[in-house]
Amino acid sequence: MQQYDIATKVLMESCRDEIIRHLLELPVRESVLLEPLPQETASLKRSDFPVMMTDKKGQKSLVIIEVQTEWKRSIPLNLIDYRTRYLLKHDVKATSAVILLRPSGAATDFYEDEEFRFRFRLIRIYDLEARHFIEGGPVCMLPFVPLMKGGAEALDQAEAIIYGSERSRPEKADMLTTMAILSGLISRDMPAKLVARRKDIMIESAAYEMIKREGIEEGVHESIKKMLDVKFPNMDADIRRKIQQIDDPDRLNSLIEVIILASNPEEVIREVERE
């Protein structure tokens, strides 16, 4: 799931203020991404996005944003950790938020134990209406459309709006590439279709390397087929059929590595037939 979190972070680099304004509903005039704090112990992790925000009145405040694909019980505690460490350095008001990409019945906007209660903002992307952002913007929110309610139906329109917008070409590249990667959470076919239409601009995004790694550009199975045709053209047809039946991304990625390194077809066969 790391590629989805990273893709969202790429989008945050281009659209941080708009996301803060429309998801957290904060009156941001401008914001600055803070430098990560020193890692004092192995257990400390840096926040995804520690931001110093300036509002329309010129007041500064701290905004801690965590982007998560899946809900984990540790998320609130990590958020408390980030918030506390940054507040020790910056004596300002703070807002803490988690942007959650996939549905979870366990997700909650507070943490509580016998001594402590902590409340934060939980932005459930999957509960937002795609049509609302298609009709009212901003453009920066459209890469999230595939994950929203009605997102699959609104995807083509969202793509066209981004591509035809007046945003800079690098920003549009990041938005379209992020949309393609995030759409992989709901469909296997959607990312490949987006790439086929907009590869000309997506390749200018740093996130495009993740598309190539994930095999979205041609499809993982198609990539494996081409690799076998070149390296082991006489591979048994039954083994090829078994490969087509594999749908676990981790197994497929492992298989790609084996094919690259294999000196004979038997090594590939053992990988395909392992339990």
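Observations on the structure shown:
- The residues in the stretch 254-275 that are under 16 Å from Ser223 (Cβ atoms) and in a helix (DSSP H, G or I) can be counted, and the count is 11.
- Filter result for Phe120 (aromatic (Phe, Trp, Tyr) and under 20 Å from Tyr208 (Cα atoms)): no
- Number of residues in the stretch 55-71 that are assigned to a loop (DSSP other than H, G, I, E, B) and more than 20 Å from the chain's Cα centre (by Cα): the value is 4.
- In the stretch 30-54, the residues that are over 25 Å from the mean Cα position of the chain (by Cα) and modelled with pLDDT of 95 or more: Thr54
- Filter result (hydrophobic (A, V, I, L, M, F, W, C) and closer than 15 Å to Ile75 by Cβ) within the stretch 109-124: Phe110, Phe118, Phe120, Leu122, Ile123
- Assessment of the stretch 88-104 against the conditions (of a type outside the set (D, E, K, R), part of a helix (DSSP H, G or I) and either modelled with pLDDT of 90 or more or not assigned by TED's automatic domain parsing to the domain that holds Lys72 (or both)) yields at least one matching residue.
This table checks each residue for (1) of a type in the set (S, T, N, Q); (2) in the same structural domain as Arg102 (by TED's automatic domain parsing); (3) over 16 Å from Ile211 (Cα atoms).
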position	(1), (2), (3)
Met148	no, no, yes
Ala158	no, no, yes
Tyr163	no, no, yes
Asp174	no, no, no
Leu182	no, no, no
Ser187	yes, no, no
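The values are calculated or read from the model by the stated rules, or taken from the named source; none is laboratory data. Computed from a predicted structure; not experimentally measured. Here Cβ is always computed from backbone atoms with ideal geometry, including for glycine, and neighbour counts include all displayed protein chains.
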